[in-house]
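Trainee: One structure coming up, written as structure tokens, with questions to follow.
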Protein chains: 2
Amino acid sequence: MVTEETAANSEAQSKKAAKKQAAKAEKAAKKAEHKATEHGTTENQDEASGEDYSKDKYGHCKMIQSAEKLSERNFVPVHQLGESLGTQSSVWVRGRIHTSRCKGKQCFIVLRQQSSTVQVLISVNENISKQMVKFSGSIPRESIVDIHANIIKVDQKIESCTEKDLELHAIEIYVVSQAKAQLPLQIEDAARPEKKDDPDSLNIRVNQDTRLDNRVLDLRTPANQAIFRLEAGVCKLFRDILANKGFVEIHTPKIISAASEGGANVFTVSYFKESAYLAQSPQLYKQMAIAADFDRVFTVGAVFRAEDSNTHRHLTEFVGLDLEMAFKYHYHEVLETIGNTFTEMFKGLRDNYANEITAVGQQYNVEPFKFLEPPLRLEFHQAVQMLREAGIEMDDEEDLSTPNEKLLGRLIKAKYDTDFYMLDKFPLAIRPFYTMPDPNNPKYSNSYDMFMRGEEILSGAQRIHDPEYLVERAKHHAIDISKIAAYIEAFRFGCPPHAGGGIGMERVVMLYLGLDNIRKTSMFPRDPKRLTP
Amino acid sequence: MVTEETAANSEAQSKKAAKKQAAKAEKAAKKAEHKATEHGTTENQDEASGEDYSKDKYGHCKMIQSAEKLSERNFVPVHQLGESLGTQSSVWVRGRIHTSRCKGKQCFIVLRQQSSTVQVLISVNENISKQMVKFSGSIPRESIVDIHANIIKVDQKIESCTEKDLELHAIEIYVVSQAKAQLPLQIEDAARPEKKDDPDSLNIRVNQDTRLDNRVLDLRTPANQAIFRLEAGVCKLFRDILANKGFVEIHTPKIISAASEGGANVFTVSYFKESAYLAQSPQLYKQMAIAADFDRVFTVGAVFRAEDSNTHRHLTEFVGLDLEMAFKYHYHEVLETIGNTFTEMFKGLRDNYANEITAVGQQYNVEPFKFLEPPLRLEFHQAVQMLREAGIEMDDEEDLSTPNEKLLGRLIKAKYDTDFYMLDKFPLAIRPFYTMPDPNNPKYSNSYDMFMRGEEILSGAQRIHDPEYLVERAKHHAIDISKIAAYIEAFRFGCPPHAGGGIGMERVVMLYLGLDNIRKTSMFPRDPKRLTP
């Protein structure tokens, strides 16, 4: 049994090796560029070395244009190859050339399929010609190939692949889609651990702009495959948990006629002969849904902020997980519902996405996310007290600065051992005009933020449902009442008391995983400087 | 046992009655405007007729500001009152005044909670004063009240309410949020059947613009409550069915740097110092997710079309249900997956949303939606043949006009008894440049539309995954290659063959229910003339 750990060996010298291989592959690819035959593969020319007895077993397939179904080919996913071992005489696998290396009469390929990898051996024998081995070694990395192979159990574990106990011995190999030989980044480099304690962390890495400029390649790393599967999980859990609590999903317009939360930071759209705006949140519309008797609503959708903030946690377009809920007498009915939703979400992620969390942890430092049940709820004045005890000078009604927010997170983690907490009763002065004041203390309000690892991920409040009081508070904020007339009107037909909140989806994923930049959790991020891809 | 069917009697004369009541209520409401006491209700002044012995049992509550939790009050949802009958001495209910009518010493209120209604009796006795009865009758329609009451079984069914076997005998009644007395539309009018064969259909109705201008009121009708719950169901089923088939949810940017499907019909956005566009579809991004190894993806989100189309089925902003899937050799692998997804969705709606379908059917003509399993698949040339046999003159490569599309739907319904079908192999000339041509006939393509009740709800195709061929086809369409360079580049790093489609979510709901206008299935619709609310 022959095995070789190509990936492990090559990592240290990967860039050099990759370049060399790329140049070779470019040459080979050019050579292979001839018309596909009617049988769907390129005709393999005889080499000087003699007749090619494998010429029908390899080559470039004709572009797949749905001319035939080939349903007799039994494709097996790479991660299920183990189950086919010993039961199937041969299988078909479609995957990418992750790495390849030829050595004499043998070619070793690591074939990658999403996050799974398997070693493939193409070795000269009575069925496999020298030419076929050479061809296999010349296929550029990242090309997609169909391989027909026997599954062979190996004695020595293949540590460089996710399938450690078997390898594939190729019978046929066809290129389905060829990658260009010079890639703007190597998957191996993009996937390299960035953990401080990892010896590998000194090796070449790919900077963020290169990653984002070539996102299609960057997204192929195991960490990225895991991040966006976990992100899908966050959305699914958010929706399923709330639907179980009687919430109805709604869809709110993104193009609006007036800036819902003040005129600053809003994108303008040309709307036929008028101007319109991109919604900064579904705030008005989810409140209208409450006034329209939907009782409990949520919505998942794009929100837009024309903020020129170039930080690790701001995007100009992100996904909002928004909810709004009527309550009977106290907004804590809502606060508890939201807190409980987070608890269920954290449990769901921990229990159903353990593989994804592990995969991210192989590239980045991921400390397990800690939470209490029920979640910790502190009041704003208590947070101020904790910060003061830690030496921070701040006013009672001053908002938390980003450094103070992070410090508070560390203090709370040290004291309560939780990465999630709710801060209730924010000062009235620093909240929007529609926030319900605290009836017991006019300096405070019935509003709250929620935090993960010391960063805000939700902002919410009881809203003012009384139209006269809403007008009074808007005037206090010097807001032009005529511009929000439609908003106020919505409360004149009877509206239950209600509260809600808006969650930044990408922040939840970033902070749950302990990542350092929100661009890692937005598939195609938008910031003031980035509009492509 | 006293019962009275207020709603049934008043429908015929509802507008007149409503106006009269509104005027009365306005007067009464003004009278009631005095400061709330510390106990949270307004002080009820003694009437000339003597001491008010119920003065602590009714009134306007102080604005609910979360000052107290009142958790001792056992609130019961209206539709669950039957379960509390005989087991609870008294219950609390929060709902809206749907209608009310005073008659001597009695006041009858129909209390509405979402789509459920129950009759409430406030009758003078040793605990309930004349003043309390009068107050109850003066509360404007649509106001929200808290009622403490005994549940009483009735002998004669109350046909005007959803709770037919019981009524509430009030002990206390408090106004939580008062509606203004003059409503721009009456819920009864907005909820009136519009079926041709219904005797009621001659009575007053509310026109669409009045409805949409006052959407918060309009959405309170039983049909609208049902439509948007079913709409949430469509999204949930779409996601759950695809997730079960291994699809991953993604989120794609709405702000893009270049018009993804040609420059026409695209909204322009000011993006800091640049111009950007609103995505007309997630096309490019879902294809990039396939190139990035996600294999099968879906996304639910806003899409924008700057089309000046003022029709029953066009919106400028709608919710796209989009999916894209890599396949092995034939795009029918994808076509079958999509068809099967629709079958499962139709079954899910039929089985899990029967109440909603019934509720919509009480206002609108809803013919049950018929579908075949597996779905019917016809080729475009067969459709042309059917139309020609029905007397239509058209070319082989001509697109279906809207009238022909609808006629085809009727012909297919008559022949196959299905409201859903797939039309495959559209002429190449009428499809976008990225559509894969049919390898067997250069006039046709590997593309398809799907239809519900004779209207298109999905358009899709196998996409060209080969960058050189994509360039060739783009040039054939006279497209400026430099503008789509990033799109083409995405296919240069190896990309599996793939196909997909985009579904108009509001159209699916409209056509499933057999409604006549897409504005009925968009909560806050946007068209060239409507940007508010």
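The values are calculated or read from the model by the stated rules, or taken from the named source; none is laboratory data. The structure presented is a predicted model; accordingly, all values stated were derived computationally and were not measured. Cβ atoms come from the backbone with ideal geometry, glycine included; neighbour counts cover every protein chain shown. Remember, those area values only see protein heavy atoms, side chains included, never the ligands or the DNA or RNA. Shrake-Rupley method; radii C 1.70, N 1.55, O 1.52, S 1.80 Å.
Trainee: Restricting to region B:296-348, give me the number of residues that are more than 17 Å from B:S281 (Cβ to Cβ) and aromatic (F, W, Y).
Mentor: Counting residues in region B:296-348 that are more than 17 Å from B:S281 (Cβ to Cβ) and aromatic (F, W, Y) gives 5.
Trainee: Please go through region B:149-178 and pick out each residue that is of a type outside the set (F, W, Y) and within 13 Å of another protein chain (Cβ to nearest Cβ).
Mentor: B:V175, B:V176, B:S177, B:Q178
Trainee: Can you tell me which residue among A:I479, A:I484 is assigned by TED's automatic domain parsing to the domain that holds A:K328, aliphatic (A, V, I, L, M), in contact (Cβ under 8 Å) with a residue 24 or more places away in the chain and surrounded by fewer than 19 Cβ atoms within 10 Å (Cβ to Cβ)?
Mentor: The match here is A:I479.
Trainee: Among the listed residues B:K273, B:K254, B:K286, B:K236, which satisfies the condition of being free of Cβ contacts under 8 Å to residues at least 24 places away in the same chain and closer than 18 Å to A:G301 by Cβ?
Mentor: After ruling out the rest, the residue left standing is B:K236.
Trainee: If you scan region B:273-313, which residues turn out to be at the interface with chain A (Cβ under 8 Å from one of its Cβ atoms) and of a type in the set (D, E)?
Mentor: Within region B:273-313, B:E274, B:D293, B:D295, B:D308 meet the criteria.
Trainee: What number of residues within region B:132-156 are assigned to a loop (DSSP other than H, G, I, E, B) and in contact with an Asp or Glu (Cβ under 6 Å, 6 or more places away or on another chain)?
Mentor: Matching residues across region B:132-156 total 1.
Trainee: Another question, if that's okay. Could you check region A:106-152 and list, in sequence order, the residues that are buried (at least 23 other Cβ atoms within 10 Å of the Cβ) and among the charged types (D, E, K, R)?
Mentor: A:R112, A:R141, A:E142
Trainee: Picking from A:D213, A:D189, which residue would you name as being more than 11 Å from every other protein chain (Cβ to nearest Cβ), surrounded by fewer than 22 Cβ atoms within 10 Å (Cβ to Cβ) and of a type outside the set (G, A, S)?
Mentor: The match here is A:D189.
Trainee: Conditions: (1) open to solvent by 10 Å² or more (accessible area, probe 1.4 Å); (2) more than 10 Å from chain B (Cβ to nearest Cβ). A:H330 meets all but one. Number of the miss?
Mentor: Checking A:H330 against (1) open to solvent by 10 Å² or more (accessible area, probe 1.4 Å); (2) more than 10 Å from chain B (Cβ to nearest Cβ), the one that fails is (2).
Trainee: Still on this structure: Could you list, in sequence order, all residues of region B:299-327 that are open to solvent by less than 10 Å² (accessible area, probe 1.4 Å) and over 21 Å from B:I255 (Cβ atoms)?
Mentor: B:L323, B:M325, B:F327 - these are the residues of region B:299-327 that are open to solvent by less than 10 Å² (accessible area, probe 1.4 Å) and over 21 Å from B:I255 (Cβ atoms).
Trainee: Sort through B:E83, B:E4, B:E43 and tell me the only one that's at pLDDT 90 or above and either away from chain A (no Cβ under 14 Å) or open to solvent by 50 Å² or more (accessible area, probe 1.4 Å) (or both).
Mentor: That would be B:E83, the only listed residue that is at pLDDT 90 or above and either away from chain A (no Cβ under 14 Å) or open to solvent by 50 Å² or more (accessible area, probe 1.4 Å) (or both).
Trainee: Checking B:E344 against (1) within 14 Å of chain A (Cβ to nearest Cβ); (2) within 31 Å of the chain's Cα centre (by Cα): exactly one of these is not met. Which one?
Mentor: (1)
Trainee: Still on this structure, please answer the following. When you check B:F327 against the structure, is it in the same structural domain as B:M505 (by TED's automatic domain parsing), within 20 Å of the chain's Cα centre (by Cα), on the phi < 0 side of the Ramachandran plot and among the aromatic types (F, W, Y), yes or no?
Mentor: Spelling it out, it is not the case that B:F327 is in the same structural domain as B:M505 (by TED's automatic domain parsing), within 20 Å of the chain's Cα centre (by Cα), on the phi < 0 side of the Ramachandran plot and among the aromatic types (F, W, Y).
Trainee: Give the residue, chosen from A:A461, A:A414, that is of a type in the set (G, A, S) and more than 30 Å from A:D293 (Cα to Cα).
Mentor: Going through A:A461, A:A414 in turn, the sole match is A:A414.
Trainee: Something else: Starting from region B:131-158, keep only residues that are free of Cβ contacts under 8 Å to residues at least 12 places away in the same chain, then list their pairs with residues that are surrounded by 18 or more Cβ atoms within 10 Å (Cβ to Cβ) whose Cβ atoms are within a distance under 7 Å, requiring at least 6 positions of separation or different chains.
Mentor: Listed by first residue and then by second, the contacts come to nothing, as the list is empty.
Trainee: While we're on this one: Looking for whichever is more than 8 Å from every other protein chain (Cβ to nearest Cβ) and under 15 Å from the mean Cα position of the chain (by Cα) here; the options are A:G233, A:G246. Which one fits?
Mentor: Answer to the check: A:G233.
Trainee: Are any residues in region A:488-533 more than 9 Å from chain B (Cβ to nearest Cβ) and among the small types (G, A, S), and if so, which ones?
Mentor: Within region A:488-533, A:G500, A:G501, A:G502, A:G504, A:G514 meet the criteria.
Trainee: Restricting the first residue to region B:429-440 and requiring it to be at the interface with another protein chain (Cβ under 7 Å from one of its Cβ atoms), which pairs with a second residue that is basic (K, R) meet a Cβ separation below 7 Å and a spacing of at least six or different chains?
Mentor: As it stands, the answer is B:M436/B:R463, since those pairs meet every condition given.
Trainee: Would you confirm whether any residue within region A:488-498 is in a helix (DSSP H, G or I) and at pLDDT 95 or above?
Mentor: Looking through region A:488-498, none of the residues is in a helix (DSSP H, G or I) and at pLDDT 95 or above.
Trainee: I'd like the residue in region A:462-487 that is at pLDDT below 95 and either within 22 Å of A:H330 (Cα to Cα) or not in a helix (DSSP H, G or I) (or both) and, out of all such residues, is farthest from the other protein chains (Cβ to nearest Cβ).
Mentor: A:A478
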